[in-house]
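The values are calculated or read from the model by the stated rules, or taken from the named source; none is laboratory data. Quantities reported herein were computed from a predicted structural model and do not represent experimental measurements. Methodologically, a virtual Cβ is constructed for each residue, glycine included, from the backbone with ideal geometry; neighbour enumeration extends over all protein chains shown.
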Amino acid sequence: MWWTTCIIWVLCVSLSECRRLPEEKPQMHGEVQSPSYPQPYAPNLQEQWDLSVPEGYQINLTFTHLDIEASADCHNDSLTVLYDEKLLGKFCGHENSAEGHHPGNQPILSPGNRLTLIFQSDDSNPERQNLGFTAQYQAIDIDECSAQPAESSGPLCSQICLNTLGSYLCSCQHGYELRSDQRTCVLSCNGGTFSEPEGHLFSPGYPTPPPHAVSCQYVISVESGFMVSLNFSDNFHIESVDSEQGPDCLHHWLQITIADREPVKVCGGTSPGLVETNSNIVKLDYHTDDYGQSRGWSLDYNTHRVKCPLPGAVVNGRVTPILTEYLYRDYISVRCDVGYKLMTDGQEINSFSTMCQNTGQWHLPLPECHIIDCGEPEPLQNGGVTFLSGIENQYLSVVQYHCNEPFYSLLGGLTATFTCEADRRWRSNNEIVLHPTCIPVCGKPVEPLPHVQRIFGGYDAPENTIPWQVLLTVSGDRGGGMVIADRWILTAAHVLQQKGITATNATIEVYLGGIDVHLLLKSPMRASSVYIHPDYNNPNSIDYNHDIALIKLQDQLTFGPSVMPICLPAEDATYITNTAGVVSGFGQIDSGQGRLSTNTLKFVELPVVDQERCHTSMNEAKTRRSNVPDLTDNMFCAGRPEGGKDSCQGDSGGPFALWNGKQYWAGGIVSWGVGCGLKGVYGAYTKVTNYVGWINKTMHEN
């Protein structure tokens, strides 16, 4: 640029000599860039630049590129320009963005010699798509050229006025040179550079021939990413010599030079018309000699943005916006269809956009859309899951939960199917079943009981016929119990408490899952806590009212053929006289030569006895024996008047199971009696129906 060279020369003259200023003095010009520019900036930045120039100058700040994440009022990422505390501008977005505030090509002029730039970014630019900014600044003196001169004196300069330190300089347009008065211009040609996006050029003196030979150079150099088009006017004349091949440009010519191509000379009387250069830099060299009469040429030039290739399609996704062509600085975004996720380089990303660069290529390759997966369905304790459709836990896969039958069933008896949804969660297809739960099946042994016989004197119980039966030992003494839940055993209070002292957890051993004592004793289970009914008070073994207790196991049970719970009584359960119940246990039996503890589970069927008859029987027993306990409304009797069939020592705490047509339920707990199998005397059992509330409350709270 000729006139720029002149400015620098004059500056050097005014300073007497050209030398480097001391580093501590403010700079006259410089450049400011966002961190990592031209690479995208990182999130969570806070950068500040304090610019200053010598006193008496202003700062002229020009953005050569600004691409900051757009947001309303530039709330997210922004570049703030301040003079002291005065806000000069807050910028974000890019040239084509609908949101934000872009400075465009307008420079910012500071009121004084200071300027502060603050760049900040939040965490919402995780894919690092925005490039940031770059800006040039320079010291600007007072512009004498902007002052209007007095009419009598005429303009300061006939063509171009340039402000300098304390003064001004005159310059001329392309094709003219400054006369000796340093104010007016005469025809000449000394070249020039044009960087505006559009303009008008013409040869010296056009459309009349110049008075002498000229050798001019015009350079059109616009921002990278734009391409120059030349449109010559029809009035075109450069002297040429005719030849068989056409006009020969021997002495006069206009040479057009485009990067990476051979220069082309044009002449003659036919206009080249429209020339698409596909380049951002074009050099025009115009040459004539003193003998020619070329009238010259004129042209208008303009620019258009570099084109990027069509992005193509994304399987299971959408590219937006859809345009017929994509140009420099255009953005596209990719969104996946419902049920799919954005993936690039093997990593999932939350969002994606890419920009058409000045190279004609997209700055990021398109991502892929992969189907989402919900991960493994939650495992179901005592159950499992089966795929009904889909594979690998993918979107819209359907699974169904099932319990380990016949020992567990789904709570509510409903079907539990779940679908993998777009939010990557397995969601129930039934509003009632939000979380499937397998509950134990109670009172339904896999093997039916055979025709029952007496327990006192004994009939062996086959395998898996009484799976709720429990053998207890408390400090070595035998007792019975029954499984009612996966960590709970129901038994009699007097089994766990003697003379008012409750057995410790360490003295209690629990055996279940078999009918052979020798095998059972190999695998004891331990109690974690014991709960005696709060109203039980029997220090002298003569008051068995509220004879009921619960044992909580340290380890959870898994139910199967040999271990299943017995059902608790229903709310409307009743005890009907002569209804037969099954009593079972590992207590004493009559061997014919005395009583012995059995090593095999025994059972017997005993009918419920009318409560009035039981009272009479017990009262008669009191006349024959001392310390016979009272029969209360919390007890019932079972047995046969002729005797011979009964529970006995070691059976205490065991079950009296009643069948309701579908399942066995815990009707009673073996509590006390007068002898074993005596004629006219019945066994007394704790009436479980009176304690269902206490049982459920204790288990729930513990």
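Brief remarks follow.
- The lone exception for residue 259 - which of (1) of a type in the set (A, V, I, L, M); (2) assigned by TED's automatic domain parsing to the domain that holds residue 223; (3) modelled with pLDDT of 95 or more it fails: (3)
- Checking the stated criteria, residue 47 turns out not to satisfy the condition of being in contact with a strand residue (DSSP E or B) (Cβ under 9 Å, 6 or more places away or on another chain) and closer than 30 Å to residue 198 by Cβ.
Residues are listed down the side, and each one gets a yes or a no for (1) in a strand (DSSP E or B); (2) within 16 Å of residue 201 (Cα to Cα); (3) touching a Pro at 6+ places or on another chain (Cβ under 8 Å):
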{"residue": "255", "(1), (2), (3)": "yes, yes, yes"}
{"residue": "265", "(1), (2), (3)": "yes, no, no"}
{"residue": "272", "(1), (2), (3)": "no, yes, no"}
{"residue": "278", "(1), (2), (3)": "no, no, no"}
{"residue": "293", "(1), (2), (3)": "no, no, yes"}
{"residue": "302", "(1), (2), (3)": "yes, yes, yes"}
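- Residue 666 aliphatic (A, V, I, L, M) and out of contact with any helix residue (DSSP H, G or I) (no Cβ under 6 Å at 6 or more places or on another chain): no
- Every residue from segment 385-395 that is part of a strand (DSSP E or B) and surrounded by 14 or more Cβ atoms within 10 Å (Cβ to Cβ): 385, 394
- The listed residue being under 57 Å from the mean Cα position of the chain (by Cα) and crowded, with 23+ Cβ neighbours inside 10 Å, out of 692, 604, 688, 670: 688
- Residues in segment 471-485 that are crowded, with 18+ Cβ neighbours inside 10 Å and out of contact with any Gly (no Cβ under 8 Å at 6 or more places or on another chain) were compared, and the one that is farthest from residue 444 (Cα to Cα) is 474.
- Number of the exception - residue 449 against (1) under 24 Å from residue 639 (Cα atoms); (2) of a type in the set (A, V, I, L, M); (3) crowded, with 20+ Cβ neighbours inside 10 Å: (3)
- Checking 331, 326, 291, 340 one by one, the residue that is more than 31 Å from the chain's Cα centre (by Cα), touching a residue at least 40 places away in the same chain (Cβ under 8 Å) and not assigned by TED's automatic domain parsing to the domain that holds residue 421 is 291 and no other.
- Here is the figure for segment 396-431: residues that are part of a strand (DSSP E or B) and touching a residue at least 60 places away in the same chain (Cβ under 8 Å) total 1.
- Positions within segment 216-253 being part of a loop (DSSP other than H, G, I, E, B), in contact (Cβ under 8 Å) with a residue 40 or more places away in the chain and among the hydrophobic types (A, V, I, L, M, F, W, C), in sequence order: 222, 236
- Boolean, residue 434 is surrounded by 19 or more Cβ atoms within 10 Å (Cβ to Cβ) and either touching a residue at least 60 places away in the same chain (Cβ under 8 Å) or outside any strand (DSSP E or B) (or both): no
- The single condition among (1) outside the structural domain of residue 551 (by TED's automatic domain parsing); (2) at pLDDT 95 or above; (3) over 20 Å from residue 407 (Cβ atoms) that residue 492 does not meet is (1).
- Qualifying residue in segment 98-107 (condition: over 30 Å from residue 350 (Cβ atoms) and assigned to a strand (DSSP E or B)): no
- Within segment 550-588, considering residues that are among the small types (Gly, Ala, Ser) and not in a loop (DSSP other than H, G, I, E, B), the one surrounded by the most Cβ atoms within 10 Å (Cβ to Cβ): 585
- Filter result (over 14 Å from residue 574 (Cα atoms) and touching a residue at least 40 places away in the same chain (Cβ under 8 Å)) within segment 681-695: 681, 682, 683, 684, 685, 694, 695
- Of the residues making up segment 338-353, those that are assigned to a strand (DSSP E or B) and among the polar types (S, T, N, Q) are 344, 347, 353.
- Check on residue 213, in the same structural domain as residue 342 (by TED's automatic domain parsing) and assigned to a loop (DSSP other than H, G, I, E, B): no
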